[in-house]
C-alpha cells in the first residue's frame, strides 16, 4: 500500500496543479487519466482496511469521471467549472485518505 500511496500523492499533486478553466479539458483529461490509474491501485491496496472511506472517495472519482466526460462532450465554462468543483472534492478527500493510510508506512 505504501508504494501506491506515494504514487497517488504524486498524481494528486499534478492534478491539483491543473488550472482547469485556463488550461481546458486536454490538460484535465491527461492529469485525470494518471490520477485515476493511481487511485485504482491505491484503492485496491487500501480497501480491506479502509473500505468505507475508499468507497466514498470512489464515488467522488466517479463524479470527476462524469464531469470530465461532460466537459469533453460539451466544452463550456459551466462544464469546466463543474469539473473543477468535482476535482476539488476528490482531491480533498483522497488527500485525507492517503495521508491516513500512508501514516502507517
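Read-outs: derived from the displayed coordinates by stated rules, not from any lab. Nothing here was measured: the structure is a model prediction, and the numbers come from that model. Quick reminder, even Gly has a Cβ in these numbers, built from the backbone with ideal geometry, and neighbours come from all protein chains shown.
The residue list 38, 63, 67 contains one member that is part of a helix (DSSP H, G or I) and either touching a residue at least 40 places away in the same chain (Cβ under 8 Å) or closer than 18 Å to residue 13 by Cβ (or both), which is 38. When we screen 43, 48, 84 for residues that are part of a helix (DSSP H, G or I), on the phi < 0 side of the Ramachandran plot, in contact with a helix residue (DSSP H, G or I) (Cβ under 7 Å, 6 or more places away or on another chain) and free of Cβ contacts under 8 Å to residues at least 24 places away in the same chain, the only hit is 43. Kindly indicate the residue of the range 80-97 that is within 18 Å of residue 30 (Cβ to Cβ) and buried (at least 19 other Cβ atoms within 10 Å of the Cβ) and also farthest from the chain's Cα centre (by Cα) among those meeting that condition. The selected residue is 80.
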